[in-house]
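Below: one structure, written as structure tokens.
The values are calculated or read from the model by the stated rules, or taken from the named source; none is laboratory data. Nothing here was measured: the structure is a model prediction, and the numbers come from that model. All Cβ positions, even for glycine, are placed from backbone atoms using ideal geometry, and neighbour counts span all protein chains on display.
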Amino acid sequence: MMKSGDHMINVLNMSELTKSLAEHGVLRDESGYGVIATFQGAEHEYHTLRNHVGLIDLSASGLYLISGGDFVEFVSSLLTKDIEFLDIEKTVTSLMLDEDGQIIDMVSVYRLEQAILIETSAARRDQVGAWLAERKSDGVEIENWNASRTMIGFEGPYAWKLAQTIVPFDISSVPYQAFVEIELEDEQIVFIRSGFTGEYGYKIIVPHHQAMSTWSQLKEWEEEEGELEIKVEPVGLEALEIAMLEVRQPRAQVEGNGLTVYEAAVQWFVSYHKEEYVGYNALQQQLQQENKQHLVGFTAVNTLTLEIGNAVMLSSNKVGHIVQIVYSPTLEKKLGLALLDDACAVSGIELEGINEAGESVVLHTVSSPYVLPKSWSIKMI
Amino acid sequence: MNTYEAGFAQAAERMALTSKIKEIIVQRLDMDIDPAFITDDQPIFGRGLGLDSIDALELLVAIEDEFGVTIFDDNMAVFGSVNKVADYIVSNTKAAS
């Protein structure tokens with residue numbers, strides 16, 4: 001990760017929107033795609049997400065439109081979630097597995113009338129694109145929407161107020177995990193109610209040429225709520241990742257980074273009765289194995305360093321290791337995920353992390369959501 | 001710091017509680033899945049288990065029946081996950097004893 005400069009901007013694959021934002025932030029390389037890691041600092045942006053409205057450049061996320069006579073069967077054969085009866089204008093999150101049952105990505109699936117749109121993570125965008133192309137049958141067409149469209153997100157306890165300025169109907173009529181096609185400045189756009197942080201979350205997909213003006217328009221919005229002046233500020237990936245972990249929203253770069261579905265504890269993205277998809281047999285074998293491990297959240301108040309890979313001990317016996325660690329500004333503690341032996345992979349116990357220097361750090365396993373989103377206590381009016 | 005045996009015993013007790021909660025969810029809501037397929041930290045509502053506010057009321061009654069612990073219907077944060085339900089039962093059982 002480095003401060004954005006001409007070198008990074010020239011090397012990384014970026015949308016015009018990201019290029020225009022890059023000079024104001026720090027870029028991160030996500031498998032060759034440039035994403036803004038921070039604008040004003042992760043902690044400041046985190047507070048924007050949890051208290052105001054965070055504006056998120058999602059243009060690096062992959063968008064593949066699948067159409068043709070067999071589009072439902074084709075997409076269904078690649079997903080762990082059952083989508084055969086997914087209603088039009090509804091979205092669902094699913095795992096996409098390879099034949100060995102390894103997670104390729106966690107994707108959002110949008111059911112349009114005559115097509116399905118697949119949204120990937122930035123880091124796995126090319127991998128998913130290659131997988132779709134490899135498995136494609138004659139009755140299916142794949143269109144890369146990234147060639148013509150940009151996705152922008154906004155989340156926060158007051159994001160619904162900003163969303164209301166875009167849609168020509170009552171915003172509360174759009175249920176969670178639903179989307180609509182609407183007109184914005186005479187262009188057809190996709191408006192989605194879905195997010196990452198547990199706060200009210202929305203995404204819009206606009207034509208490339210509209211992206212920068214829409215970004216500016218959203219950023220300029222402000223409103224007073226009692227004594228609070230609601231702000232809209234750009235938020236980078238670092239703050240987003242903290243807020244995602246706080247509500248245990250999985251990310252392919254963590255839960256899909258060499259972990260099995262069971263280890264990552266993401267079975268809830270698998271339809272229990274579905275059997276016909278790539279990776280099904282391998283997944284069943286994984287689930288039947290004994291002596292397994294899985295991820296559990298933990299907090300640590302100690303100021304000593306803890307890093308990914310550090311051992312986790314129970315009374316001098318190694319029972320796992322750390323796979324993610326961040327600082328949670330709300331908890332004012334370190335918050336992380338540890339891959340632990342099943343026999344002690346529960347919330348509510350005390351363990352010990354051993355850092356590189358051999359120092360011991362007390363860890364407490366905790367229950368998700370680790371932070372209650374403010375949106376849970378705010379009703380749309 | 002826990003001794004090895006005490007730590008595992010504490011973990012086993014917790015697992016028994018979360019397993020019982022999962023069984024109650026599956027039985028009371030007539031769900032056609034193996035309770036063990038539910039993870040401790042997945043959301044119970046929305047895209048997690050897909051339950052709604054009517055299911056929540058059924059669960060309030062079930063938890064009171066099984067554990068003697070009352071969850072008030074303005075405290076839906078308890079249903080953030082199976083683990084959160086377990087935390088609530090543990091803290092309210094202790095408070096009552």
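For the range B:68-84, which positions are modelled with pLDDT under 90 and surrounded by fewer than 20 Cβ atoms within 10 Å (Cβ to Cβ)?
B:F72, B:D73, B:D74, B:N75, B:M76, B:A77
Could you grab me the full set of residues in the range A:137-189 that are of a type in the set (G, A, S) and either surrounded by fewer than 20 Cβ atoms within 10 Å (Cβ to Cβ) or within 14 Å of chain B (Cβ to nearest Cβ) (or both)? Please lay out each step first, then the result.
The first filter runs over the range A:137-189 and keeps only residues of a type in the set (G, A, S), leaving A:137, A:139, A:147-148, A:153, A:156, A:159, A:163, A:172-173, A:178.
Passing the criteria: A:S137, A:G139, A:A147, A:S148, A:S172, A:S173, A:A178.
Looking only at residues that are over 17 Å from A:V296 (Cβ atoms) and in contact (Cβ under 8 Å) with a residue 40 or more places away in the chain in the range B:13-40, which one is surrounded by the most Cβ atoms within 10 Å (Cβ to Cβ)? Steps first, please.
Let us first name the residues in the range B:13-40 that are over 17 Å from A:V296 (Cβ atoms), namely B:20, B:23-35, B:37.
The next check asks that each one be in contact (Cβ under 8 Å) with a residue 40 or more places away in the chain; those that pass are B:20, B:24-25.
Working: B:K20: 16, B:I24: 19, B:I25: 24.
The extreme case among them is B:I25.
Condition test on A:E134, is it surrounded by fewer than 21 Cβ atoms within 10 Å (Cβ to Cβ) and free of Cβ contacts under 8 Å to residues at least 12 places away in the same chain?
Working: surrounded by fewer than 21 Cβ atoms within 10 Å (Cβ to Cβ): yes; free of Cβ contacts under 8 Å to residues at least 12 places away in the same chain: yes.
So A:E134 fits the description; yes.
Condition first: among the hydroxyl-bearing types (S, T, Y), farther than 21 Å from B:G48 by Cβ and away from every other protein chain (no Cβ under 14 Å). Can you find one or more residues in the range A:304-325 that meet it?
Yes: one or more hits.
Go through the range A:278-294 and count every residue that is within 14 Å of chain B (Cβ to nearest Cβ), surrounded by 20 or more Cβ atoms within 10 Å (Cβ to Cβ) and in contact (Cβ under 8 Å) with a residue 60 or more places away in the chain.
1
Could you identify the single residue in B:E64, B:E5 that is more than 10 Å from every other protein chain (Cβ to nearest Cβ) and either part of a helix (DSSP H, G or I) or among the β-branched types (V, I, T) (or both)?
Working: B:E5 fails: more than 10 Å from every other protein chain (Cβ to nearest Cβ).
Exactly one residue qualifies, and that residue is B:E64.
Scan the range A:102-118 residue by residue and report those that are assigned to a strand (DSSP E or B) and over 17 Å from the mean Cα position of the chain (by Cα).
Within the range A:102-118, A:R111, A:I116 meet the criteria.
If you scan the range A:84-101, which residues turn out to be over 18 Å from the mean Cα position of the chain (by Cα) and not charged (D, E, K, R)?
Correct list: A:F85, A:L86, A:I88, A:G101.
Scan the range B:35-50 and give yes if some residue there is within 29 Å of A:I354 (Cα to Cα), within 12 Å of chain A (Cβ to nearest Cβ) and among the hydroxyl-bearing types (S, T, Y), otherwise no.
yes
Determine, yes or no, whether B:D87 is modelled with pLDDT of 95 or more, within 14 Å of chain A (Cβ to nearest Cβ), on the phi < 0 side of the Ramachandran plot and part of a loop (DSSP other than H, G, I, E, B).
In short, no.
Kindly check whether there is at least one residue in the range A:222-241 that is within 22 Å of the chain's Cα centre (by Cα), among the basic types (K, R) and surrounded by fewer than 20 Cβ atoms within 10 Å (Cβ to Cβ).
Taking every residue of the range A:222-241 in turn, none turns out to be within 22 Å of the chain's Cα centre (by Cα), among the basic types (K, R) and surrounded by fewer than 20 Cβ atoms within 10 Å (Cβ to Cβ).
Going by what's in this entry, would A:G34 be described as more than 25 Å from A:A163 (Cβ to Cβ), assigned to a strand (DSSP E or B) and either touching a His at 6+ places or on another chain (Cβ under 8 Å) or at pLDDT 95 or above (or both)?
Against the criterion (more than 25 Å from A:A163 (Cβ to Cβ), assigned to a strand (DSSP E or B) and either touching a His at 6+ places or on another chain (Cβ under 8 Å) or at pLDDT 95 or above (or both)), A:G34 qualifies.
Could you identify the single residue in A:A264, A:A252 that is surrounded by 20 or more Cβ atoms within 10 Å (Cβ to Cβ) and touching a Leu at 6+ places or on another chain (Cβ under 7 Å)?
The match here is A:A264.
Being crowded, with 20+ Cβ neighbours inside 10 Å and away from chain B (no Cβ under 12 Å) narrows it down to one residue among A:G297, A:G336, A:G358; which is it?
A:G336
Which pairs have Cβ atoms under 8 Å, sit 6 or more apart or on different chains, and link a residue in the range A:358-379 that is farther than 14 Å from B:D41 by Cα to one that is charged (D, E, K, R) and part of a loop (DSSP other than H, G, I, E, B)?
That search, which allows pairs on different chains as well, returns A:P373/A:E199; A:K374/A:E199; A:S375/A:E199.
Pick out the one residue from B:R14, B:R28 that is at pLDDT 90 or above, touching an Asp or Glu at 6+ places or on another chain (Cβ under 6 Å) and of a type outside the set (S, T, Y). Working first, answer last.
Values: B:R14 fails: touching an Asp or Glu at 6+ places or on another chain (Cβ under 6 Å).
Within the list B:R14, B:R28, the selection yields B:R28.
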